[in-house]
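Asks: This structure is in structure tokens; I'll ask about it shortly.
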Amino acid sequence: MKVPDARSEKIDSTPDRQIARPASLAGRLAENAARNFEQWFHALAHPPRASCARPSAFARAAILATLVVIVASMFLIDATASEWARHEPNWFRGIFERITDFGLSGWFLFPLGFFLLVLAALISPQSTRLTQGVLVALAARCGFVFLAIGVPGLFVTIVKRVIGRARPYVGGHDDPFSYEPFVWRPEYASLPSGHATTAVAAAIAIGAIWPRSRILMWLYAATIMISRVAVLAHHLSDVIAGALVAAIGAYLVRRWFAARRLVFSPKDLRASAALSVPRIAAALRAAIATVGLKD
């Protein structure tokens, strides 16, 4: 079984055949999962099958402009924003202290990882090609969102501790230019913001797959970014830097998929046609019946 083409979503599979299955249900599910994860890894590691267009001049200019904004914020805005946060009403900060935890990557990565594991266990060579095609296409989309959030997040987790910028609350007052590189302590892990990276990467990745969700996802991302400043966890420049890392990271993951004709077109990076909920539900029911979860 191979991952479907980004446009056709068809499966290039061997003809259906009788395959000896392990006697136990757990054995069948484990065998399916091992086989599928191996195939998915090879699909992602495969050399590019198509070339993607280079980033536009506008995109490159936007990156440079954002870098300028980050540096300018360090000099002109960060201390003022932190001072505002220190004098905000307790009820106001309390709201954002509850909201800000929704920027943790686990809200996305754990459910996506579990769902990918379920799909890997359910997709069987004994299923019809249509069932395999729908579920593999769904797995490719979930895998893209997982990596588009996880890869920038992992990068930020390492880099922020190497940079060692102090958080606004360190020392009792905000010093935007207080750094302790390589100390690997949470209070010196301010730049870039991990929550902002997660939120913006999620907004970009999910919006790329389901365009109708973009407004809601960007409202979510903006709220998380504001919350990080409001609870004195980050400077304004930290959250802008996190957003920039997220945008670049999600874009690179998207290009990686497109170059292998997975989910996105290499020509314009647009996602292939969406899978309908009834079609997904029918494929899941068929796969469940095939592996023997439901007799």
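Yes/no per residue for (1) in contact (Cβ under 8 Å) with a residue 60 or more places away in the chain; (2) farther than 20 Å from Leu252 by Cα; (3) of a type outside the set (S, T, N, Q); (4) touching a Cys at 6+ places or on another chain (Cβ under 9 Å):
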{"site": "Val145", "(1), (2), (3), (4)": "yes, no, yes, no"}
{"site": "Pro176", "(1), (2), (3), (4)": "yes, yes, yes, no"}
{"site": "His195", "(1), (2), (3), (4)": "yes, no, yes, no"}
{"site": "Ala222", "(1), (2), (3), (4)": "no, yes, yes, no"}
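Asks: Can you confirm whether Arg228 is buried (at least 24 other Cβ atoms within 10 Å of the Cβ), assigned to a helix (DSSP H, G or I) and among the basic types (Lys, Arg)?
Replies: Spelling it out, Arg228 is indeed buried (at least 24 other Cβ atoms within 10 Å of the Cβ), assigned to a helix (DSSP H, G or I) and among the basic types (Lys, Arg).
Asks: In this structure, does Gly94 turn out to be free of Cβ contacts under 8 Å to residues at least 60 places away in the same chain and closer than 30 Å to Ala283 by Cα?
Replies: Judged against the criteria, Gly94 is not a match.
Asks: Determine which single condition Trp184 fails, assuming it passes every other condition in (1) assigned to a helix (DSSP H, G or I); (2) hydrophobic (A, V, I, L, M, F, W, C); (3) in contact with a helix residue (DSSP H, G or I) (Cβ under 7 Å, 6 or more places away or on another chain).
Replies: (1)
Asks: Only one residue in Ala247, Ala273 is surrounded by fewer than 24 Cβ atoms within 10 Å (Cβ to Cβ), farther than 25 Å from Pro176 by Cβ and in contact (Cβ under 8 Å) with a residue 40 or more places away in the chain, so which one is that?
Replies: Ala273
Asks: Please pick out the residue among Ala53, Ala57, Ala121 that is at pLDDT 95 or above and among the small types (Gly, Ala, Ser).
Replies: Criteria check complete, one pass: Ala121.
Asks: Give region 84-112 a look and list any residue that's farther than 21 Å from Ala199 by Cβ and touching a Pro at 6+ places or on another chain (Cβ under 9 Å), or say none.
Replies: Across region 84-112, the qualifying residue is only Arg86.
Asks: For the condition touching a Phe, Trp or Tyr at 6+ places or on another chain (Cβ under 7 Å) and part of a helix (DSSP H, G or I), what is the one hit in Leu44, Leu112, Leu64?
Replies: Leu112
Asks: Would you check which residues across region 165-204 are hydrophobic (A, V, I, L, M, F, W, C) and within 15 Å of Gly242 (Cβ to Cβ) and list them? Give the derivation first.
Replies: So the first thing to find is which residues in region 165-204 are hydrophobic (A, V, I, L, M, F, W, C), and the list is 166, 170, 177, 182-184, 189, 191, 196, 199-204.
Residues satisfying the conditions are Ala189, Leu191, Ala196, Ala199, Val200, Ala201, Ala202, Ala203, Ile204.
Asks: Among the numbered criteria (1) surrounded by fewer than 18 Cβ atoms within 10 Å (Cβ to Cβ); (2) aromatic (Phe, Trp, Tyr); (3) more than 17 Å from the chain's Cα centre (by Cα), which one does Trp210 miss?
Replies: Going through (1) surrounded by fewer than 18 Cβ atoms within 10 Å (Cβ to Cβ); (2) aromatic (Phe, Trp, Tyr); (3) more than 17 Å from the chain's Cα centre (by Cα) one by one, Trp210 breaks only (3).
Asks: On the given criteria, is Ala50 among the small types (Gly, Ala, Ser) and under 18 Å from Ala243 (Cα atoms)?
Replies: So Ala50 fails the test.
Asks: Given Tyr220, Tyr169, which one is in contact with a helix residue (DSSP H, G or I) (Cβ under 8 Å, 6 or more places away or on another chain), closer than 17 Å to Thr100 by Cβ and modelled with pLDDT under 95?
Replies: Sole residue among the options that is in contact with a helix residue (DSSP H, G or I) (Cβ under 8 Å, 6 or more places away or on another chain), closer than 17 Å to Thr100 by Cβ and modelled with pLDDT under 95: Tyr169.
Asks: With the requirement that a residue be surrounded by fewer than 21 Cβ atoms within 10 Å (Cβ to Cβ) and not in a helix (DSSP H, G or I), what does region 144-166 give you?
Replies: Within region 144-166, Gly164 is the sole residue that qualifies.
Asks: For region 199-215, state whether one or more residues are assigned to a helix (DSSP H, G or I), of a type in the set (S, T, N, Q) and under 18 Å from Ala85 (Cβ atoms).
Replies: no
Asks: Hey, can you tell me all the residues within region 263-287 that are part of a loop (DSSP other than H, G, I, E, B) and over 27 Å from Arg28 (Cα atoms)?
Replies: If the condition is that a residue be part of a loop (DSSP other than H, G, I, E, B) and over 27 Å from Arg28 (Cα atoms), then Val263, Ser265, Pro266, Lys267, Asp268, Leu269, Arg270, Ser272, Ala273, Ala274, Ser276 are the ones that fit.
Asks: Restricting attention to region 167-207, report how many residues are crowded, with 19+ Cβ neighbours inside 10 Å, farther than 30 Å from Arg141 by Cα and among the polar types (S, T, N, Q).
Replies: 1
Asks: Just to be sure I understand, how many residues within region 104-129 are under 19 Å from Leu293 (Cα atoms) and of a type outside the set (Gly, Ala, Ser)?
Replies: Step one: filter region 104-129 for residues under 19 Å from Leu293 (Cα atoms), giving 114-128.
Then keep just the ones that are of a type outside the set (Gly, Ala, Ser); that gives 114-119, 122-123, 125-126, 128.
Counting residues in region 104-129 that are under 19 Å from Leu293 (Cα atoms) and of a type outside the set (Gly, Ala, Ser) gives 11.
The values are calculated or read from the model by the stated rules, or taken from the named source; none is laboratory data. All values reported here derive from a predicted model rather than from experimental measurement. Counting neighbours? That spans all protein chains shown, and the Cβs are built from the backbone with ideal geometry, glycine included.
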